[in-house]
Amino acid sequence: MSTRFELVIGLEVHAQLRTETKIFCGCGTRFGAAPNAHVCPVCLGLPGALPVLNRRVVELAIRTGLALGCTIQSRSAFARKNYFYPDLPKGYQISQYDEPIAIGGELTYASDEGPRTVRIIRAHLEEDAGKSIHAGTGAGERHTYLDFNRSGVPLVEIVTQPDIRSPSAAAEFFARLRGILVAIGVSDGNMEEGSLRCDANVSVRPKGETELGVKVEVKNLNSFRFLQRALEHEWERQTTRCSAGESIVQETRLWDEAVGRTVSMRTKEEAHDYRYFPDPD
């Protein structure tokens, strides 16, 4: 690692909750069903369909917050996060914004370098989106198919402070957090099936500085190895640009394991870009 710069990492961990049904309807959550087998007017976003909150989802989110030493809010509310994507049938995601179910907390654990503590900003509930499946034909045509079985599956998102300083420490924290979620029965932690995935917010700054650098988000990292490799690449990419006097662009990037690097996906959004407002339903 460069001796001139410091790596700053915060994580957003999305864990699918262990429930038999989705967060706002009675459709099943079992993985591996035929495409669009577990759907209804609610999770398809059809006009007039009203969501009903799954009590078990709330119980598991509270259990998560208590396990991480969070303060459980006496009042929590859902908001609409507005963005447009083919696998988001309503045109918005039901999530939590300014009134999450749990705030504060920390995770302290032993490591080879001694005790480590990562502070937790919040844990909040949200629904998952559907799945886009991109396929090609021998004639060179490309098609995108949509499977909404995952639409409305309950998630708890755990957001950390930017307390992590190395790719290996990030992977270790992710593994420790997964172990806790599995041990308390909140999630099965199956990363191959998409039950647990992670987004990383990464920046670099000159050593000794306290102000955070420009943040890059790396999305949908579903293994400890991918998380560590993506962060190692971002460290190299960002420090190289900074050393050459080039600026870092605030953007969202994806990890491409086949080529061993992150690739730009889109300009990074801010909260106001999603036009959050309370969900009236």
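Cut-off 10 angstrom, C-alpha nodes, Gaussian network model of the chain. Which of 245, 213, 152 fluctuates the most? Answer for the Gaussian network model of the chain: 245. Considering only 25, 242, 198, the mean-square fluctuation computed in a Gaussian network model of the chain, springs between alpha carbons under 10 angstrom, is largest for 242. Relative contact order of the range 18-105, taken over Cα pairs closer than 8 Å and 6 or more residues apart, is 25 percent.
Defining a contact as two alpha carbons under 8 Å apart and six or more residues distant in sequence, what relative contact order in percent does the chain show? The normalised contact order for the chain reaches 24 percent.
Dipole check for the chain: with +1 at the C-beta of Lys and Arg, -1 at the C-beta of Asp and Glu, and the Cα centre as origin, the magnitude is about 160 Debye.
For the chain, the longest principal axis of the Cα atoms and the long axis of helix 55-67 meet at an angle of about 20 degrees.
For the cross-link pairs 131/215; 22/131; 81/219; 22/90; 22/219, which exceed 19 Å when the distance is taken from alpha carbon to alpha carbon?
On the way: 131/215 27 Å; 22/131 15 Å; 81/219 17 Å; 22/90 16 Å; 22/219 23 Å.
Where the Cα-Cα span goes over 19 Å, the pairs concerned are 131/215; 22/219.
Under the combined filter of DSSP loop state and at most 13 neighbouring Cβ atoms within 10 Å, the range 202-271 retains these GluC sites (Glu not before Pro): 209, 211, 246, 257, 269, 270. Sparsely packed loop sites in the range 14-79 (the trypsin sites (Lys or Arg not before Pro) outside DSSP H, G, I, E and B with at most 13 other Cβ atoms within 10 Å) comprise 30, 75. If every alpha-carbon in the range 55-156 counts as one equal scatterer, what log10 I(q)/I(0) does Debye give at q = 0.16, 0.19 1/Å? These q points yield log10 I(q)/I(0) values of -0.80, -0.94. Of the residues 182, 167, 149, the one whose Cα sits farthest toward the positive end of the charge dipole of the range 147-227, with +1 on the Cβ of Lys and Arg and -1 on the Cβ of Asp and Glu, is 167. Pairs of Cα atoms nearer than 8 Å and 6+ residues apart set the relative contact order; for the range 155-220 it is 20 percent.
Think of the chain as a dipole: +1 on every Lys or Arg Cβ, -1 on every Asp or Glu Cβ, centred on the Cα centre; then among 203, 9, 62, 62 lies furthest on the positive end.
Nearest 10 degrees is fine. How inclined is helix 167-183 to the longest principal axis of the chain, computing both from alpha carbons? Value to nearest ten degrees: 30.
Where a ≥ b ≥ c are the square roots of the eigenvalues of the C-alpha gyration tensor, would you call the range 65-221 rounded, which needs a/c under 1.5, or, failing that, prolate if a/b is larger than b/c, or oblate? Since a/c reaches 1.5 and a/b is larger than b/c, the shape of the range 65-221 is classed as prolate. With respect to the chain, whose longest principal axis is taken over its alpha-carbon atoms, helix 224-243 is tilted by about 50°. Annotation: amide H-H contacts under 5 Å for residue 27 (H modelled 1.01 Å from N, sequence separation of 5 or more, or interchain): 22. Computed from backbone phi, the HN-Hα couplings of the range 87-99 come to 8, 10, x, 7, x, 7, 10, 7, 9, 10, 10, 8, 10 Hz, rounded to whole numbers (Karplus: 6.51 cos²θ - 1.76 cosθ + 1.60, θ = phi - 60°; Gly and Pro given as x). Residues whose amide H lies under 5 Å from that of residue 102, counting only those 5 or more places away or on a different chain, are 73, 123; hydrogens are built 1.01 Å from N in the peptide plane.
Where a number appears in this text, it was derived from the coordinates with a stated rule and is not lab data. On a predicted model such as this, the values are computed, not experimentally measured, just so you know. As a convention, Cβ positions derive from the backbone with ideal geometry for all residues, glycine included, and neighbour counts pool all protein chains shown.
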